[in-house]
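S.K.: Just passing along the structure, written as structure tokens.
No value in this document is a laboratory result; all are computed from the given coordinates. It should be emphasised that the depicted structure is a prediction, and the values quoted were computed from it without experimental measurement. Using ideal geometry, Cβ is built from the backbone for each residue, glycine included, and neighbour counts are taken over all protein chains shown.
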Amino acid sequence: MAINLTRRRFLQTASIAAASVPLSKVVAKADSEVVKTPLIPPGSFKDTETVVGGVCEMCFWRCQLVGKVRDGRLVKIEGNPKSIDNGASICARGNAGIKMLYDPDRLKYPLKNVGKRGAPQWKRISWDEALDTCASKLKAVVDEHGPESLAIFPHGASASYPFHFFEHTVGTPNVSEASFFQCRGIRDMAYVATIDKPPGENVDMPNSKVIFLLGGHFGENVHVSHLKRYLKGLENGAKLVVVDPRFSASAAKADVWVPIRPGTDTAMLLAMMNYLIQNDKHAADFIEEYGEGFEEFSEGIKEWTLERAAAECDIPAAQIKEVADLLAANAPNVAIHPGRHVSWYGNDFQRQRALACLTGVLGAFGVKGAFVPPKGPKGLKKVKWPHGDHEPDRLTEYSDNPYEFSPPGTPTDLIRDAAISGKPYPIKGCVIWGQNPIQTIPNQEKTIQMLAQMDFVMCTDIMPTDITMFADILLPEASYLERYDYIKTGTQWNFSDEHQQYIAPRMPLVDPAFERKDGIWITNEIARRMGYGDQIPTKDQVEMVNYRLSGVGLSIDKIRAEGGIHLQPGKDPYGIPEDMSVYFYNEDLADADYPAIPTYIPVEQPPAGYLRLLYGRSPVHTFNRTQNNAWLMAAMDSTPIWLNDKVAAKLGLKDGDTVSLENQDGVKSRTTAPIKVTPGIREDAVYIYHGFGSMNPELTVGYNKGIDDQSMITKLAVDPETGCHGMRNNFVKLVKVS
Amino acid sequence: MTSPHPLPPAEPAEEAVLLSDVYSFLALSMRYPDAHFLDDQFLEAFAALLESLELKPQLEEFLLWRADSADPLEELQLEYTRLFINSVPCSTVPPYASVYLDGDRTIQGKTTEKTKDFYLSCGFDVIDSTEPPDHLQHELDFLAALTRESRFEEEELFLATLFRPWFAQFFEKCMHEARHPFYRVSIQLIDFFTKEEQ
């Protein structure tokens, strides 16, 4: 377009006259948002204030924060100096929360997909239209097919309130949380079956004599107070045993690195326990007092000699013995770490049971350096959606395997298979809240098939992700820096210090921008529109948190005045509860036809020409959640593929070569990554970071960076006791690109 | 557009009001299309502006679109969302100064703060908006407010220090991504009315 005039000259001409009247009519009725205010001279000093009450959610460890805020703009995030958990320390991700907060790619307004699922064309719509649509579509699905026809995929603190609405009040049991079914649910259920409680990561590492990690790769897995415990333990002289097919950051600090064959960990644990029992190195007195079914257990694992396990695990028998002896010599002050992400091979419940039993064999409960749950604050009230009258029709009732030790919710594949097949009943409505099931759930093709047959798909998130491309309505949520919801509680990180407890409710450091809304508001508005207005348990996020705090005589205002964290005297966590039992043999498991003692179930080994795909954490990312963060991606924006140096030589590959992956089912990776040639990984496996390679081009920074490991995990493995996925049973070959 | 034959110059005050109206109108064109302002009257004023600038091909294309479009508001909402909010494949051109000036793309950056400070130092502020102060719509509304009071020195200072440095980048990206005649032309009009006088 060429305008052959200057602006001034144009304004001076008569030709503008033709436009001036219509223009003035239009602008006269428009309300400008730029208005007259009292003059503020240039250079006026503005204070940077410290806002307290932040609770991080760049990952789910939830460190306590303060924000430096100037004129409503968050300019820096720091650890809350009052914290007795993370203290003033936060990790790279915590610091980079600002880049999430002000990411221009973030969701800003409710969006309607007027294109196709998976290839959306977005239209900004009003909240009223968005909420009316969500409520009417979800209600239509429930009215036609029943509450069970809704599938819910939640994740994160803000997802609890909405999914409890759909689960308890609307009445669908078909809820699949990634934190359970693709992460730690197996661990929790295995420990419940062994010691009646989920373990958390409650090992007293600072005061331990030996720390035993199975796959734990601390330093790459960064949870601040957890790392502090670990590093204090090493500083205090703890020996470190790391069982891992890869020379991880923890293995690099280990006294003993056990490069075990993937999938065989239970065999090693059984052999260790058998060796300890056969050689009277077990904690006989502890077992006598607290053990249940020890005879059946010790008899049942007799076959697991060191030599047999050594052959199975591809490690020297002497090394298994060395580890067992090291633990026995220092028992009971040893930390058998329960792990966190444990959905590996589809035989994981047994491995987690074995870990809990090993803790029992060593008597490593309740004493310094052992498994010691903290004694945190009690008395917070709960806000609950009321349970409806509807008796849920559970998919486990129709399944060959009832998954009787499933974590809360319904095993993901039962939901997905029912949705795809329509049997035993249709699943036609989907609510996804803070989870990215494309990257959390293996076999993406099936997930996409599930979504394709839905009548309605609603997503709530803070960012565009792979899954938001499949939404019909996409709702923008306030982030953890802009809302109230979670109340973090705990104790001082080192039990050797003065016993203290803390209560830290999340408070916003800044107001939500654009039209982002918190999950309480969104849920209440949908519930009201679906006809559940009289059952809404709390008016808003502030009322909810204040109500919960009222149980301990506190309030948001009071804690804010105290610096964002309430501290109170704590209790000595050591000691063994009188009613404690360690179920070496579990009758409930026997009754349900599952192995009643920890049992090794072999997994398939890689076919010729293929390597097992292992994945783990990057120290500066929380999987897909941080994939568009400019600072974190500047630090690490790819997935170097760890490849054994001897294998690399055989394949003619060298460090830095770019490759794509192809799995045993012929599925090829969408993207490529460089090779990291190292002796620090076994010859039968490769390793990459999880969470990269986002397929959503709305992510300006993260789109197609690195390889999406989940896209390579097409062969499904399901843990028989829990219904949780195992995600390390897929095999890849490397295809050189350059 | 060709030079019109000589006419008596408009009075400066009249010029200021005209310019202010143009800025206000262009600010509206950068606001999310809403039925309460984006109506026939608005679209006719847009056509009149093109006509007065003697932008015949653009006017013809615009009129053709209006004649063909069953739902102009819906079309513009879709294009606005695609261009300025979210889109797949990514063609979004964020209309915020800070994204271009503050390094590694950010909303609510230092530039946002400087922009707001500039408004305040001139006696203006942005209120009741869901968008940050350095959204193109607000910057144009601010320029309208200044020029309505004939504060041309402050207008030029703002254009030179805070507007043109980012708008040039934004303009280039927009011209690459914008498909709809309304937005392609609107962006060019903003460029015309804000570029430095030679």
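S.K.: Around A:Val718, which amide H atoms from residues at least 5 apart in sequence, or from another chain, sit under 5 Å from its own amide H, with H modelled in the peptide plane?
M.R.: Residues meeting the amide H criterion: A:Gly726.
S.K.: Taking a temperature of 25 °C and a viscosity of 0.890 mPa s, what whole-number D in µm²/s does Stokes-Einstein yield for the stretch B:12-194 with Rh from Kirkwood over alpha carbon pairs?
M.R.: For these conditions, the coefficient is 145 µm²/s.
S.K.: Next up: Given a Förster distance of 60 Å, report the FRET efficiency between B:Ala168 and A:Ala318 from their Cβ-Cβ distance, rounded to the nearest 0.05.
M.R.: Given R0 = 60 Å and the Cβ-Cβ separation, E is 0.30.
S.K.: Please turn the phi angles of the stretch A:724-737 into ³J(HN,Hα) values with the Karplus equation 6.51 cos²θ - 1.76 cosθ + 1.60 (θ = phi - 60°), one per residue in order, whole Hz, x for glycine and proline.
M.R.: Karplus values, whole Hz, x for Gly and Pro: 7, 7, x, 10, 10, 10, 10, 10, 10, 10, 9, 10, 5, 9.
S.K.: Once R0 is set to 41 Å, what does the formula 1/(1 + (r/R0)^6) return for the Cβ-Cβ distance between B:Lys56 and B:Ala13, expressed as a FRET efficiency to the nearest 0.05?
M.R.: On the way: r = 31 Å, r/R0 = 0.75.
So the FRET efficiency works out to roughly 0.85.
S.K.: Which trypsin sites (Lys or Arg not before Pro) from the stretch A:303-411 combine a DSSP loop assignment with at most 13 other Cβ atoms within 10 Å?
M.R.: Taking the stretch A:303-411 and a limit of 13 other Cβ atoms within 10 Å, the loop trypsin sites (Lys or Arg not before Pro) found are A:Lys378, A:Lys381, A:Lys382, A:Lys384.
S.K.: Reachable aspartates and glutamates from A:Lys517, Cα under 14 Å, same-chain residues fewer than 8 places away excluded?
M.R.: The qualifying aspartates and glutamates are A:Asp128, A:Asp461, A:Glu477, A:Glu482, A:Asp485, A:Glu525, A:Asp540.
S.K.: If you don't mind, another one. Explain nothing, just compute: Karplus ³J(HN,Hα) = 6.51 cos²θ - 1.76 cosθ + 1.60, θ = phi - 60°, for every residue of the stretch A:515-532 in order, whole Hz, x for Gly and Pro.
M.R.: Going residue by residue, I get 10, 6, 10, 7, x, 5, 4, 4, 4, 4, 5, 5, 4, 4, 6, 8, x, 10 Hz, with x marking Gly and Pro.
S.K.: Among the lysines, which fall within straight-line cross-link reach of A:Lys209, defined as a Cα-Cα distance under 20 Å, with same-chain neighbours fewer than 8 residues apart omitted?
M.R.: The qualifying lysines are A:Lys228, A:Lys232, A:Lys239, A:Lys253, A:Lys281, A:Lys321, A:Lys368.
S.K.: Continuing with this model, one more query. Measure off 7 Å from each Cα along the Cα-to-Cβ vector at A:Leu567 and A:Asp579, then give the distance between these two points in nanometres to one decimal.
M.R.: Taking the simple label geometry, A:Leu567 and A:Asp579 are separated by 3.4 nm.
S.K.: Still on this structure: Lysines near A:Lys378 by alpha-carbon distance under 17 Å, same-chain residues fewer than 8 away left out - which ones?
M.R.: A:Lys197, A:Lys488, A:Lys571
S.K.: Additional query: Quick one: compute the contact order of the stretch B:12-194, relative version, from alpha carbon pairs under 8 angstrom and 6+ residues apart, as a percent.
M.R.: Values: 173 pairs, mean separation 56.3, N = 183.
This gives 31 percent for the stretch B:12-194.
S.K.: Please state the relative contact order of chain A as a whole percent: Cα pairs under 8 Å, 6+ residues apart?
M.R.: Result for chain A is 19 percent.
S.K.: Next up: Suppose the chain between A:Lys736 and A:Gln500 were pulled fully straight at 0.36 nm per residue; how much longer would it get relative to their current alpha carbon spacing?
M.R.: Full-extension gain reported as 79.4 nm.
S.K.: Next question, about the same structure. Using alpha-carbon positions, what is the distance between the centroids of the stretch B:141-174 and the stretch A:587-640, in Å?
M.R.: That distance is 53 Å.
S.K.: Ok, one more. For the stretch A:354-468, compute Rh as the Kirkwood radius over C-alpha pairs and then the Stokes-Einstein diffusion coefficient at 37 °C and 0.692 mPa s; write the answer in µm²/s, rounded to an integer. Please list the in-between numbers first.
M.R.: Working: Rh = 18.2 Å.
Translational D for this selection: 181 µm²/s.
S.K.: Also: Write out the trypsin sites (Lys or Arg not before Pro) in the stretch A:501-532 meeting two conditions: DSSP loop, and at most 14 other Cβ atoms within 10 Å of their Cβ.
M.R.: For trypsin sites (Lys or Arg not before Pro) across the stretch A:501-532 that sit outside H, G, I, E and B with at most 14 neighbouring Cβ atoms in 10 Å, the list is empty.
S.K.: Distance between Cα centroids, the stretch A:505-560 to the stretch A:712-738: provide it in whole Å.
M.R.: Using only Cα atoms to place each centre, the spacing works out to 40 Å.
S.K.: Send over the semi-axes of chain A's equivalent ellipsoid, whole angstrom and largest first, taken as the square roots of 5 times the C-alpha gyration tensor eigenvalues.
M.R.: 46, 30, 28
S.K.: Could you size up the charge dipole of the protein assembly as shown around its Cα centre, putting +1 on the beta carbon of Lys and Arg and -1 on that of Asp and Glu, and report it in debye to the nearest 20?
M.R.: For this selection, approximately 1900 debye.
S.K.: Using just the Cα positions, wrap the stretch A:611-736 in a convex hull and report its mean projected area in square nanometres, one decimal place.
M.R.: 8.2 nm²
S.K.: Another question about this same structure. For the stretch A:410-440 and the stretch A:656-697, what is the separation of their Cα centres, given in Å?
M.R.: Cα centroid of the stretch A:410-440 versus Cα centroid of the stretch A:656-697: 28 Å apart.
S.K.: Something else: Would you calculate a helix-derived [θ] at 222 nm for the protein assembly as shown, using -39,500 (n - 2.57) for each DSSP H run of n ≥ 4 and dividing by the full residue count, to the nearest 500? Provide the component values of the computation, followed by the final result.
M.R.: Working: 33 runs with 326 residues, N = 936.
Computed mean residue ellipticity for the protein assembly as shown: -10000 deg cm²/dmol.
S.K.: Hey, what do the phi angles of the stretch A:129-145 turn into as Karplus ³J(HN,Hα) couplings, whole Hz, using 6.51/-1.76/1.60 and θ = phi - 60°, x for Gly and Pro?
M.R.: Ordered by residue, 3J(HN,Hα) equals 5, 5, 5, 4, 5, 4, 5, 5, 5, 5, 5, 4, 5, 5, 4, 7, 10 Hz.
S.K.: For a Förster distance of 25 Å, can you work out the FRET efficiency between the beta-carbons of A:Ala592 and A:Glu303, rounded to the nearest 0.05?
M.R.: For A:Ala592 and A:Glu303, the calculated efficiency is 0.60.
S.K.: Let me ask something else about it. Please give the length that would be gained between A:Asp511 and A:Asp31 if that part of the chain were fully extended, namely 0.36 nm times their separation in residues minus their C-alpha to C-alpha distance (nm, one decimal).
M.R.: Length gained between A:Asp511 and A:Asp31: 170.4 nm.
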